[in-house]
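Structure, as structure tokens:
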Amino acid sequence: MPHELLPGHPHIAYKNGDLYVENQRVADLASQHSTPLFVYSKASMLDALAAYQRGFAGRKARIHYAMKANSSLGVLQVFAQAGCGFDIVSGGELERVIAAGGDPALVIFSGVGKTRAEMKQALQAGVGCFNVESEAELEVLSEMAISVGKTANVSLRVNPNVDPQTHPYISTGLKGSKFGVAHDRTVQTYQRAAALPGLKVIGIDCHIGSQIVLESPYLDAVDRMLDLVESIEAVGIPIHHLDFGGGLGINYNGETPPAADDLWHKLLAKLDARGFGQRQLMIEPGRSLVGNAGICVTEVLYLKPGEQKNFCIIDAAMNDLPRPAMYQAYHAIINIAIQATNTPARGINDTKNAIVYDVVGPVCESGDWIGRDRTLNVKQGDLLAVLSAGAYCMSMASNYNTRGRAAEILVDGDKPHVIRQRETTADQIRAEFLINV
């Protein structure tokens, strides 16, 4: 069987009927490390990053990986070694950046609810910039900066009221969102920031949402943001950098988001036309760098026919892959072998002997499903791959039902690196105590 690529997954392919991540046969990894198992392609991550780098060629620009998408240390290491900064939303994420070899000076600290302890931690570590999201936060950050004898570099995250046309849970730039400073309060809030001791205004930030597959929301947001910059600078407050956030989507189910380099060529043309092309630029991509770099490998435990539904019960669950339960999100599900010995082909394109299943996990919740109405040709014991599992899967994983989090493998060509061991029950209960009676 010829080498068969999967759409949107250039380094995940069938070779002679078996699924490979780069040069590693997925069945071998599952045999060695059990399932459920996350497997990532380093080359896929670097290819996705390269598209942004091409888009910014010749510009003063820095890419900050939005690590909430996948905060595993091995993944962070890939981007740190590639020269990226990081976008964080907690003190714990800052510790991960440092543990992975990242430079705190290249860190942007975002998030609506930074605590005093996190502010102090970040100030002492020397983070590059705080993206501040409310007037109240400005006051507290000023107080904390003075208390530790530091100056906090700040930008304000502004809410441009642009509809990204994505899932409501990941739309962050509308008036009803908890994120950012209201568009009509931006200039006044900048004036307050410039007047507070301990703070230095250095930029402006905008992030309108996630899994965006259209150009128009970005183009609209750029215009609104540049209008604000002109208004802010008109009252005497210089803006040194422009941070346009992230949010670019990936191909989960046939979506065709713009290529990162093509999108940024268009956005930069707009910046040039308005005289902002030589400003320091920052962006915060997450999902688009790691989403299609990963798969989750899972075993078929049981096939359960029913009057209204047939169920394919697998050993991965909503604690491993929370996006379907949380967002009703789609992930493609495929066999890792499309030609089994002495049996008909059971693969991604084979429907001759297939049955329509709901693919569900073993967690004790009706919401524990990974795929609805999937046409699969499977038998008990088969291995499946859930695609596009590199973003917002392991980073959102839990121990619900006292299930250990899965192992993670980062593949670099011929080399598979274990970047997370499978979690045991002993790992989970180590910090728990019985009471004295």
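Derivation of every value follows stated rules applied to the coordinates shown; laboratory data play no part. Not measured: the values here are computed from a predicted model. In this analysis, Cβ positions are derived from the backbone assuming ideal geometry, glycine residues included, and neighbour counts consider all displayed protein chains.
One table, with the values for the structure above:
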quantity: Computed magnitude of the charge dipole of the chain (debye, nearest 20; Cβ of K, R +1, Cβ of D, E -1); calculated: 260 debye
quantity: Nitroxide proxy distance, nm - points 7 Å out along Cα→Cβ at Ala57 and Ala182; calculated: 4.5 nm
quantity: Contact order normalised by residue count of segment 110-285, Cα under 8 Å, 6+ apart, percent; calculated: 19 percent
quantity: Per-residue HN-Hα couplings for segment 112-128 [Karplus 6.51, -1.76, 1.60; θ = phi - 60°; Hz; x = Gly/Pro]; calculated: 7, x, 5, 8, 4, 4, 5, 4, 4, 4, 5, 4, 5, 6, x, 4, x
quantity: Within straight-line cross-link reach of Lys379, aspartates and glutamates at Cα separation under 12 Å, skipping those fewer than 8 residues along the same chain; calculated: Glu299
quantity: Residue order, fewest to most surrounding Cβ atoms within 10 angstrom, among Glu135, Glu93; calculated: Glu135, Glu93
quantity: Share, in percent, of DSSP beta bridges within the chain that are antiparallel, nearest 5; calculated: 50 percent
quantity: Separation in nanometres of the label points that stand 7 Å from Cα toward Cβ, at Arg430 and Ala273; calculated: 5.6 nm
quantity: Inter-probe distance in nm under a simple model that places probes 7 Å from Cα toward Cβ, at Asn16 and Val437; calculated: 6.0 nm
quantity: Between helix 42-55 and the chain: long-axis angle, C-alpha atoms, 0 to 90°, nearest 10; calculated: 40 degrees
quantity: Hz values of 3J(HN,Hα) by residue in segment 414-431 - Karplus curve (6.51, -1.76, 1.60), Gly and Pro given as x; calculated: 8, 9, x, 10, 6, 9, 8, 6, 4, 7, 9, 5, 4, 4, 5, 9, 4, 9
quantity: Positive-end extreme of charge dipole, segment 110-285 - chosen from Ala125, Leu268, Met225 (charges on Cβ); calculated: Ala125
quantity: Mean ellipticity per residue at 222 nm, deg cm²/dmol - from DSSP H runs of n ≥ 4 across the chain, formula -39500 (n - 2.57); calculated: -8000 deg cm²/dmol
quantity: Computed lengthening from Ile98 to Ala125, 0.36 nm per intervening residue step minus Cα-Cα distance; calculated: 8.8 nm
quantity: Relative contact order of the chain, defined on C-alpha pairs under 8 angstrom at six or more residues apart (%); calculated: 19 percent
quantity: Crossing angle, helix 135-147 versus the chain [Cα axis fit, 0-90 degrees, rounded to tens]; calculated: 80 degrees
quantity: DSSP beta bridges in segment 110-285 [antiparallel fraction, %, rounded to 5]; calculated: 5 percent
quantity: In order through segment 29-36: 3J(HN,Hα) via Karplus (6.51 cos²θ - 1.76 cosθ + 1.60), integer Hz, x for Gly, Pro; calculated: 5, 5, 5, 7, 10, 6, 10, x
quantity: With Cα atoms, 0 to 90° folded angle of helix 216-234 axis to the chain main axis; calculated: 20 degrees
quantity: Nonlocal amide H pairs with Tyr65, under 5 Å, H built at 1.01 Å; calculated: Gly85, Phe86, Asp87
quantity: Nonlocal amide H pairs with Ile409, under 5 Å, H built at 1.01 Å; calculated: Phe38, Val39, Tyr40, Ile419
